Each structure stands twice: as C-alpha cells, then as structure tokens.
1. Looking only at the range 167-224, filter to residues that are assigned to a strand (DSSP E or B), among the hydroxyl-bearing types (Ser, Thr, Tyr) and crowded, with 18+ Cβ neighbours inside 10 Å; which one of those is farthest from ligand 1 (Cβ to nearest atom)?
2. Which numbered condition in (1) surrounded by fewer than 19 Cβ atoms within 10 Å (Cβ to Cβ); (2) under 20 Å from the mean Cα position of the chain (by Cα); (3) farther than 15 Å from Val143 by Cβ is the only one that His77 fails?
3. I'd like to know if the range 93-112 contains one or more residues that are in a loop (DSSP other than H, G, I, E, B), within 24 Å of Val170 (Cβ to Cβ) and touching a Gly at 6+ places or on another chain (Cβ under 8 Å).
4. Could you look through the range 32-67, keep only residues that are among the hydrophobic types (A, V, I, L, M, F, W, C) and within 10 Å of ligand 1 (Cβ to nearest atom), and pick out the one that is nearest to Ala18 (Cα to Cα)?
5. Would you confirm whether or not the range 35-52 contains a residue that is of a type outside the set (D, E, K, R), touching a Leu at 6+ places or on another chain (Cβ under 9 Å), in a strand (DSSP E or B) and within 21 Å of Arg208 (Cα to Cα)?
6. Inspect all residues belonging to the range 10-25 and state whether any of them is surrounded by fewer than 22 Cβ atoms within 10 Å (Cβ to Cβ), in contact with a Pro (Cβ under 7 Å, 6 or more places away or on another chain) and outside any loop (DSSP other than H, G, I, E, B).
7. If you go through the range 150-166 one residue at a time, how many are buried (at least 22 other Cβ atoms within 10 Å of the Cβ) and either assigned to a loop (DSSP other than H, G, I, E, B) or of a type in the set (Val, Ile, Thr) (or both)?
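The values are calculated or read from the model by the stated rules, or taken from the named source; none is laboratory data. The shown structure was predicted, so the numbers you read here are calculated from the model rather than taken from an experiment. Glycine gets a Cβ as well: all are built from the backbone with ideal geometry, and neighbour counts include every protein chain shown.
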Amino acid sequence: ETLVECHDLGRDYGQHTAVDKVSFSLSRGEVLAFLGPNGAGKSSTMNMLTGCLAPSRGSVRIAGIDLLESPKSAKAHVGYLPEHPPLYPELTVNEYLAFTARLRGLRREKVRQAVARARARCGLEAQGKRLIGHLSRGYQQRVGIAQAIIHEPALVILDEPTVGLDPIQVREIRALIRELGQDHGVILSTHILPEVTATCSRVQIMFRGRLVYEDHMAAINRGH
Ligand code: ADP
Ligand code: ADP
C-alpha cells in the first residue's frame with residue numbers, strides 16, 4: 001500500500017531554494033529517514049508533507065489523495081510530531097490527548113477510547129492523570145507521539161524525534177518508532193546517523209535541498 005507519492009517537490013523562501021526536485025514514495029511498514037545536516041531542507045520537506053507549508057513546485061499524494069487539491073481529506077491520513085511541539089504543562093495527559101482528538105475531528109463518544117488506545121501504544125498506561133509539565137522529557141515525547149497517532153493516521157511524520165533526550169530516553173523512543181513502523185508508514189528527519197541505523201528501514205540523504213542518496217538499510221548493512 002503506497003502512502004506517499006511525492007513528485008519534484010520544491011520550496012523557495014524568496015530567492016533561496018530550500019527544497020528542490022524531491023521525489024520519492026513510501027509504503028506502509030517502512031520507516032524512512034531524511035538524514036542531513038541542519039539547513040538541508042528536512043523540516044521544510046516535513047512541513048510540506050503535512051500540509052503545513054505550501055510547496056512552490058511539485059505534487060504530494062497521501063494515501064492516493066492529492067494534498068494540494070484535497071488538503072482536508074489528505075491531512076486526515078497524516079499524524080505529525082513537530083520538532084518543537086507546543087507543550088501544555090498544566091494539562092493532564094488525558095486532557096491534552098482528548099483535546100487533540102477533538103481537534104482531529106473525532107466524535108465526542110470516540111474520544112475516550114482513542115485516548116486510551118494512543119496511551120497504550122505509547123507506553124503511557126499509567127500516566128493518564130499526570131500533568132504533562134511533571135513528566136520527564138522522554139515521557140513528554142511519548143505524549144507528542146501519542147497525539148500524532150490519536151486519529152490512527154496511515155502516515156506518521158516525526159521531525160527530529162529524539163533531540164534533547166538522554167540516552168535511555170533515546171533508546172525507548174527509538175523502540176517506539178520501530179513499533180509504529182509495523183502498522184504505519186513512518187517518516188522521520190534527523191541529522192544523526194545512529195538514529196537511522198537504530199530505527200529505519202530506508203534512508204534518503206538530503207543536502208542543500210536535494211536528495212543526494214537513497215538506499216535500504218538492509219543493503220547498506222550488507223555492504224551491497
Ligand atoms: P533542516 O530542517 O534540514 O534544518 P530547513 O527546512 O529548516 O532545514 O531549512 C532549509 C533552508 O531553508 C535553510 O537554509 C533555512 O535557513 C531556510 N529556511 C527555512 N525556513 C525558512 C523561512 N521560514 N524563511 C526563510 N528561510 C527559511
Ligand atoms: P483511567 O482509565 O486512566 O483510570 P479514567 O477512567 O478517568 O482514567 O478515564 C480516562 C479517560 O478519559 C481517558 O482514557 C480519555 O479517553 C477520557 N477522556 C475523554 N475526554 C476527557 C477529558 N476532557 N479530560 C480527561 N479525560 C478525558
């Protein structure tokens with residue numbers, strides 16, 4: 001099942017081309033990394049795939065739906081964890097996830113079940129009534145991932161998902177990402193290679209706005 005088809009995607013900021021001729025596709029069950037240094041164009045690409053940033057050129061289809069023609073129905077298939085998610089430290093995990101479920105258009109009677117399910121999938125069974133502000137960074141990131149999957153999207157996009165976490169939290173979040181990859185398609189952006197080897201089935205290296213390399217991790221690990 002093809003979840004993303006992206007053709008010649010491009011984005012300019014004024015005279016500066018931040019993303020150029022990006023084409024790729026993604027199937028369910030894949031965890032695809034966009035690896036590249038800061039400024040390579042990863043966040044701009046993520047933001048275009050989620051419909052948060054208008055492309056200057058090119059096309060994106062999500063689950064077969066043209067994102068530019070039918071943004072609302074395409075976006076319903078996408079969950080997103082931005083690099084700097086807004087935190088609501090004074091809300092409980094349940095309150096925050098219920099709020100994001102409503103934002104995603106879930107009917108009131110479905111919210112409780114969706115919150116419980118997202119919590120269970122993200123290892124937050126015991127944290128429902130905790131205040132977000134009282135959680136560790138690692139658990140806050142689990143909450144970030146839980147809100148990204150609250151509406152059971154086909155595609156999950158994670159922008160630098162382990163930045164700022166300690167090594168144990170990094171390991172736990174990476175394990176969670178691998179689990180998500182079994183049911184969803186996952187795209188993540190990162191500037192660190194170990195993130196790719198630990199979590200991804202496929203990598204695309206981005207440099208100065210272009211995809212300069214792509215391969216399956218299995219091929220890289222066997223050295224071809
Ligand atoms: P990455 O996520 O790989 O660090 P970005 O997509 O954030 O890359 O940035 C790619 C390029 O686009 C950089 O040169 C950055 O300075 C530029 N850029 C990003 N956002 C904006 C913006 N809102 N206005 C102008 N330039 C931007
Ligand atoms: P638990 O199951 O953690 O003991 P409760 O039985 O109090 O907690 O129910 C928690 C459930 O409340 C969550 O799983 C969530 O689905 C639901 N819920 C729905 N709306 C809200 C809300 N506005 N605030 C808090 N929780 C909500």
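1. Quick first cut of the range 167-224, residues assigned to a strand (DSSP E or B) only: 185-190, 202-207, 210-216.
If we keep only those that are among the hydroxyl-bearing types (Ser, Thr, Tyr) as well, we get 189-190, 213.
Next, from what is left, pick out any that are crowded, with 18+ Cβ neighbours inside 10 Å: 189-190.
Working: Ser189: 6, Thr190: 10 Å.
Per the stated criteria, the residue is Thr190.
2. It is condition (1) that His77 fails.
3. If we filter the range 93-112 for residues that are in a loop (DSSP other than H, G, I, E, B), which is where we start, we get 104-107.
Pick out the ones that are also within 24 Å of Val170 (Cβ to Cβ) and you get none.
No: zero hits.
4. From the range 32-67, those among the hydrophobic types (A, V, I, L, M, F, W, C) are 32-35, 40, 46, 48-49, 52-54, 60, 62-63, 65, 67; that's our starting set.
After this cut, where a residue has to be within 10 Å of ligand 1 (Cβ to nearest atom) as well, the list is 34-35, 40, 46, 48, 53.
Numbers: Phe34: 14, Leu35: 15, Ala40: 7, Met46: 12, Met48: 12, Leu53: 12 Å.
Only one residue fits best here, namely Ala40.
5. Looking for residues that are of a type outside the set (D, E, K, R), touching a Leu at 6+ places or on another chain (Cβ under 9 Å), in a strand (DSSP E or B) and within 21 Å of Arg208 (Cα to Cα), one finds at least one in the range 35-52, hence yes.
6. Checking the range 10-25: at least one residue is surrounded by fewer than 22 Cβ atoms within 10 Å (Cβ to Cβ), in contact with a Pro (Cβ under 7 Å, 6 or more places away or on another chain) and outside any loop (DSSP other than H, G, I, E, B).
7. 5
Here's the yes/no breakdown for (1) small (Gly, Ala, Ser); (2) at pLDDT 95 or above; (3) within 16 Å of ligand 2 (Cβ to nearest atom):
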| site | (1), (2), (3) |
| --- | --- |
| Leu49 | no, yes, no |
| Ala74 | yes, yes, no |
| Leu81 | no, yes, no |
| Thr92 | no, yes, yes |
| Thr100 | no, yes, yes |
